[in-house]
There are 2 protein chains.
Amino acid sequence: MVSQKIRNMEELASVSGVSRPTLSKYFNNPDSVRASTRERIEAALERYDYRPNIYAMNQNRSLTKNVGIVVPYLADPFFAEIARNLERRCIDAGFSPILFSSHGVPAYENDILEELRSIKPAGVLLAPLGRVSDRRVIEKFCADIPTILFDSNLDGIGEAFVGSDNFSFVSQTVEYLCRTGEAPCFFEMATPVNPNAYKRRAAYLKIMEHLGLEPQIVKVDGESWEFEKIGRQGALKIFDQDGFPTNTILCSNDRLAIGLLSACYERGRRVGRGYGYALRVASNDDHPYSRFTSPSLTTAAHDYEVVSKRSIERLLDLVEAGGRFAKRTEELIPARLVLRESA
Amino acid sequence: MVSQKIRNMEELASVSGVSRPTLSKYFNNPDSVRASTRERIEAALERYDYRPNIYAMNQNRSLTKNVGIVVPYLADPFFAEIARNLERRCIDAGFSPILFSSHGVPAYENDILEELRSIKPAGVLLAPLGRVSDRRVIEKFCADIPTILFDSNLDGIGEAFVGSDNFSFVSQTVEYLCRTGEAPCFFEMATPVNPNAYKRRAAYLKIMEHLGLEPQIVKVDGESWEFEKIGRQGALKIFDQDGFPTNTILCSNDRLAIGLLSACYERGRRVGRGYGYALRVASNDDHPYSRFTSPSLTTAAHDYEVVSKRSIERLLDLVEAGGRFAKRTEELIPARLVLRESA
DNA sequence: GATTAAAATTTACGCGCGTAAAGAAAATAA
DNA sequence: TTATTTTCTTTACGCGCGTAAATTTTAATC
C-alpha cells in the first residue's frame, strides 16, 4: 500500500497503465477484460487500495447491483435467520443486499418501498406484512421494481412467490398427532396478520375432514406481532374458563406455542407425550427457540436453506430476464417434522 | 398527481416556478427557504410526486445523511429490538439508517466497515463483536468515520461509548438473590465473545467480596453466538457430573439462562423460589423471551429506550460537532431488576 | 506473414445534483 | 420613503463514473 491516495478512476488509470473505460468495465465485471489486463489492474489495486464511488457508479446507470430484502418483523428470530441467509447468498452472487424490517407497521412497509425505489435496486425480495399490507402500494411497487415475494404470498402480486408449503406443515403435524394419540384442536389467532395462518387453518380443516375427524378451532384475541404474549394470555384465559376442547393442541405457529407453553407451566399443566402428562402440544415453524422451550417443542420445520436458496435463484433469474417473467410462479417448499418432547 | 413524470430537479423547477438551486436548498433543509417558496414547492410536489436521485445527491457531497447501524448478531432478539429502536430514532432525526449485522463473524464485521466507508455516512453506530473483533480495523475505521460505539466497549476506540452498566446489572441480581436466600454461583462461558461478560464476571467477584461471601464461578465451553445451546449443553454436562456448587445460579446473560432452564426442565430440576423448588435461577438482560420461559426469568433489564436514545443523541452531537469530540465519553445506563418466577 | 476477430484505447458526452458567485427581488428595518 | 438584510435567480462549473463510437492494438486462425 502506497501513501499516495487514489481519488478516482482517472488516477487509477494513470498509475495502472490501463484506460479509465477499461477500468470501468473491470469493476462491472472483472471477467470482461483480458487476463493480462486484469492482472495489471489488480496489481495496482493492491498497491493503492481504491474503491469506486458507489454514488457516481449508480447515478448514471439504470440498474444497480443493489438488492432490497424486506421482512415484516425482524425481532422474530425466524425472519432474522432467513434474512441472514438471504444476505449471504446475495453477497455471494455479487450483489449488495440492503435489509429492511417493516416492524409490523404497514406505514413503515410503505416507507420502505418508497425508499427502495430511490435506490433503484436490481431486484427486491419482499416478505410482506400480509393482511395489513397496503395491497395497492405493493402492487404498484412491483409494477415498477422487479420483485420476488417470499414467506407471505399476495395473490398475483410480484413476479414470483417462494415460500413454505403450509399444507405440508399442518398435514405432517396433524397426522403425527393423530397417529400417536388423540386428534388435535387448532390453536390460533382470531385475526392473524400473516396469510400463512389462514392457509394453515384451511389445511387443518381439510386434513381433519379427510381423516373423518371433527375439527376444533380455538381462537384467541390479539392483533399485534407479539405472538408469544397473545398465545400466553389467550391460553391463560382458556384455562380459566372452559379449558381446551382436547388434550392435544396444534398451534398455528411456534411463537404462539411458546406463549402457550409458558401458560401451561404457570397453570401446572404438564406438557409431553405419555403417562403423567396432561397435554400434548405441537406446532409449526421450527423457530430457533423451539428446542429450548420447556418441554422442547415438536414442530414442522421450515427448510430455511432451501427457501432462501430458491428465493435468491428466482431473483437472479428475474434480473437476468430483465425484470419480468412471462408467467408468475409459486414455489412451495415442504416441511420436515421435528419430534421433540412436547408431543 | 399528474400523469406527466418529473425526471429531475430541472423539470420540477420549471413546473414549480422555483429555480433549481432553490429546490436543492429545499431538499437539504426545507426550513432554509422562505415560507412562501416552500409552499410553492410542496404544492408542486403534491402534484408531481418527485424524489431526488439519491446517487446524484450524494456523489458530490462530502457528508451524506446516511447513518450506519451495526450489530454483532441480529438473530439475537435483544439486538433486533435495539436496532429497531435506533432505526426509528434515526429516521425521526432526518437521517437514513442502514442496518448491518456481523452475524458473529469477524470477517463480516470488517466487510461491513469497508462497505460503510463507501457509503460516506454522516456517522455510524457500532456495536462491535467484541473479543473476536479486529481491533486495528475498527480503530482505523473510527479514525476516518465518526463513530459511536454502543453495547460493547472497546477501550479508547470511537468518539464515545453508550452502553449498559454491567456492575449495576450484577449488583442488583446478586444482592436480590443474597437477600432472599442463598448466595449465587455465577454461570458463564469460559471464553465469552462479548466484553460485557468479562465486566459482569468482575462485578460478581467484587460484589461477593464486598458482601464477604465466597464467589463460585461455573464456566462452560463454547465459542459461538449460540448461547442457548451452549448454556443447555454446559448445564446438562454439569448435572451429569458434580452438579452446581450452589442451588442458586446467576447467569451471565439471559440467553445462557434460557439454555440452562431447558436443561433444568429436562433433568427434572424444578426452578423457582420457595418450598418445593430445587434451584433458583436469575440472569441479566431482560431478553424479549425471558418472560416466556418456564418458569419466567428473574433478570436485570436493559433500558432499551434510554440506551438507544442516548446513543442517537451522542451521534447527533457528533455529527454537529463535525465528526470529532474533544474528549471520548463513556455513558453507562443502569439496570432495572425484574422479578419473575425463576428466583 | 496475412487475415480476422477480440479486446483495449481514445474521445466525447451526459447523468442529476451540489455549490459557488453575482446580481435581482423581496422582506424588514430605519 | 430609503437603506439594509435576507432570499431567490441566474449562470456556471464540477463531481466520478457509465457508455457509445471510432480507432488502434493485441491475440487467434489459417
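Search the stretch A:46-66 for residues being closer than 27 Å to B:Asn66 by Cα and away from DNA strand D (no atom under 12 Å from the Cβ), and hand back the single one that is farthest from the other protein chains (Cβ to nearest Cβ).
Looking at the filtered set, the residue picked out is A:Tyr48.
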Scan of the stretch B:292-320 for residues that are surrounded by fewer than 24 Cβ atoms within 10 Å (Cβ to Cβ), modelled with pLDDT of 95 or more and part of a loop (DSSP other than H, G, I, E, B), ordered by number: B:Ser296
Strands (runs of 3 or more DSSP E) within the stretch A:121-213 that include 3 or more residues buried (at least 16 other Cβ atoms within 10 Å of the Cβ) and of a type in the set (Val, Ile, Thr): none
Determine which single condition B:Leu250 fails, assuming it passes every other condition in (1) more than 24 Å from B:Arg291 (Cα to Cα); (2) in a strand (DSSP E or B). (1)
Which condition does A:Arg38 not pass, out of (1) more than 16 Å from DNA strand D (Cβ to nearest atom); (2) more than 10 Å from chain B (Cβ to nearest Cβ); (3) in a helix (DSSP H, G or I), if it passes all the others? (1)
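To keep it simple, each residue is scored yes or no on (1) touching a Gly at 6+ places or on another chain (Cβ under 8 Å); (2) away from chain B (no Cβ under 14 Å).
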position	(1), (2)
A:Arg117	no, no
A:Lys120	no, no
A:Arg135	no, yes
A:Asp144	no, no
A:Ser152	yes, yes
A:Phe161	no, yes
A:Asp165	no, yes
A:Ser168	no, yes
A:Ser171	no, yes
Checked pairs for the stretch B:18-34, first within 14 Å of B:Leu45 (Cα to Cα), second in a loop (DSSP other than H, G, I, E, B) and more than 6 Å from DNA strand D (Cβ to nearest atom), C-beta under 8 Å and 6 or more apart or across chains, list as B:Phe27/B:Pro52
Being closer than 21 Å to A:Phe95 by Cα, more than 14 Å from chain B (Cβ to nearest Cβ), more than 7 Å from DNA strand C (Cβ to nearest atom) and part of a helix (DSSP H, G or I) is the filter here; which residues of the stretch A:9-35 pass it? A:Leu23, A:Ser24, A:Tyr26, A:Asn28, A:Pro30, A:Asp31
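Of A:Ser311, A:Ser252, A:Ser294, A:Ser224, which residue is closer than 23 Å to B:Ala263 by Cα and of a type in the set (Gly, Ala, Ser)? Quick ask: steps written out before the conclusion?
On the way: A:Ser311 fails: closer than 23 Å to B:Ala263 by Cα; A:Ser252 fails: closer than 23 Å to B:Ala263 by Cα; A:Ser224 fails: closer than 23 Å to B:Ala263 by Cα.
Unique residue meeting the criteria: A:Ser294.
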Return a yes/no flag: does the stretch A:1-8 have any residue that is away from DNA strand C (no atom under 12 Å from the Cβ), of a type in the set (Val, Ile, Thr) and modelled with pLDDT under 85. yes
Can you tell me how many residues within the stretch B:220-247 are away from chain A (no Cβ under 14 Å), surrounded by fewer than 18 Cβ atoms within 10 Å (Cβ to Cβ) and part of a loop (DSSP other than H, G, I, E, B)? 7
Of the listed residues (A:Leu86, A:Leu125, A:Leu99, A:Leu129), the one being under 15 Å from the mean Cα position of the chain (by Cα) and facing another protein chain (nearest Cβ under 10 Å) is A:Leu99
For the stretch A:61-77, state whether one or more residues are within 16 Å of DNA strand C (Cβ to nearest atom) and modelled with pLDDT of 85 or more. yes
For B:Phe100, indicate whether it is outside any loop (DSSP other than H, G, I, E, B) and at pLDDT 95 or above. yes
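The values are calculated or read from the model by the stated rules, or taken from the named source; none is laboratory data. Quick caveat: nothing in here was measured; it's all calculated off a predicted structure. Note that each Cβ is placed from the backbone with ideal geometry, even for glycine, and that neighbours are counted across all protein chains shown.
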